[in-house]
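This report concerns only the one structure given below.
The values are calculated or read from the model by the stated rules, or taken from the named source; none is laboratory data. Given the structure is predicted, the values throughout are model-derived calculations rather than measurements. Quick reminder, even Gly has a Cβ in these numbers, built from the backbone with ideal geometry, and neighbours come from all protein chains shown. These area figures cover heavy atoms from the full protein model, side chains too; ligands, DNA and RNA do not enter into them. Shrake-Rupley method; radii C 1.70, N 1.55, O 1.52, S 1.80 Å.
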Amino acid sequence: MKFYLDFGHGGKDSGAVGFNGTYESNVVLKIGLILKSMLESHGHTVITTRIDNTYYSLSYRTNKANKYNCDYFISLHMNSFSNRNARGCEVWVYDKSSRLYNTSQSICNNLSKALNTPNRGVKFFKSFTVLKKSKMPALLVEVDFISNSIVEDICTSYDYCYVVAKNICDCLLDLVI
């Protein structure tokens with residue numbers, strides 16, 4: 001199986017920034033590199049948007065995934081909201097007919113339990129470039145809210161990143177059974 005892992009934002013685009021200055025782009029890069037290693041240890045090929053804090057356009061991301069004929073496109077993000085109490089994981093897919101719909105539900109369920117955060121469920125949106133322009137089934141994970149001080153305090157730790165990566169990996173591995 002060939003996975004395309006897109007670690008959201010990067011470089012000049014930090015994505016969401018926690019109130020203590022934690023960058024979404026750094027957190028998802030850390031989670032993503034762990035996830036990449038896990039998938040590769042199971043014999044899968046993994047193509048990534050980036051391996052460091054570099055900016056790449058949305059069209060670059062989907063074009064690269066399409067060029068390499070990946071089987072699945074997985075985009076990792078941290079959410080943010082002005083309400084500092086907001087929490088929860090959610091996964092976005094193009095529509096309910098996506099081949100990743102059930103996997104998206106599993107990711108939400110697993111992350112919610114593992115991180116003790118609300119399950120905000122699977123959402124549909126046809127305008128996200130990474131969902132619309134990728135030729136393969138795609139999903140976008142919003143792990144939790146970096147704008148929440150509790151999440152921000154722990155989201156850069158190796159243990160947190162490992163738990164997130166492990167739970168996503170387990171769900172993705174179910175695709176190949």
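Which sequence of Tyr162, Tyr101 reflects their accessible areas, 1.4 Å probe, from the largest down?
On the way: Tyr162 90, Tyr101 40 Å².
The residues order as Tyr162, Tyr101, largest area first.
Of Lys67/Lys132; Lys67/Lys135; Lys2/Lys135; Lys36/Lys126; Lys2/Lys36, which pairs sit farther than 20 Å apart, going by alpha carbon to alpha carbon?
From the list (Lys67/Lys132; Lys67/Lys135; Lys2/Lys135; Lys36/Lys126; Lys2/Lys36), the Cα-Cα distance tops 20 Å for Lys36/Lys126.
Could you give the nm distance between label points at Thr156 and Asn102, where each point is 7 Å from its Cα heading toward the beta carbon?
About 4.0 nm separates the two model spin labels.
What number comes out for accessible area per residue over the range 84-177 if the probe is 1.4 Å? Units Å², please.
48
What does the extension gain come out to for Ser82 and Val17, with contour length at 0.36 nm per residue minus their alpha carbon separation?
22.3 nm
Just to confirm my numbers, what's the Cα centroid distance between the range 77-109 and the range 117-160 in Å?
Value for the Cα centre distance between the two parts: 6 Å.
What is the Cα coordinate range of the range 1-105 on the first, second and third principal axes, sorted by size from largest, in whole angstrom?
Cα spread of the range 1-105 along its principal axes, largest to smallest: 38, 31, 28 Å.
Round to a whole number: what % of the accessible area of the chain belongs to carbon and sulfur, probe 1.4 Å?
The nonpolar share, carbon plus sulfur, comes to 48 percent.
Just tell me which aspartates and glutamates come within less than 17 Å, Cα to Cα, of Lys133; anything on the same chain fewer than 8 places away is out.
Asp6, Asp71, Asp95
So what's the range 34-157 giving for Cα Rg divided by 2.2 N^0.38 Å, two decimals?
1.08
Kindly sort Ile146, Ile154 by accessible area of their heavy atoms, largest first, with the probe set to 1.4 Å.
Ile154, Ile146
On a 1.4 Å probe surface of the protein chains, which of Glu90, Glu40 comes out largest in accessible area, and what is the full order?
The ranking, largest first, comes out as Glu40, Glu90.
In this model, which of Lys12/Lys64; Lys12/Lys113; Lys64/Lys113 are farther than 31 Å apart at the alpha-carbon?
Pairs exceeding 31 Å: Lys12/Lys113; Lys64/Lys113.
Under the definition of Cα pairs under 8 Å and six or more residues apart, what whole-number percent is the relative contact order of the chain?
About 29 percent, as a whole number.
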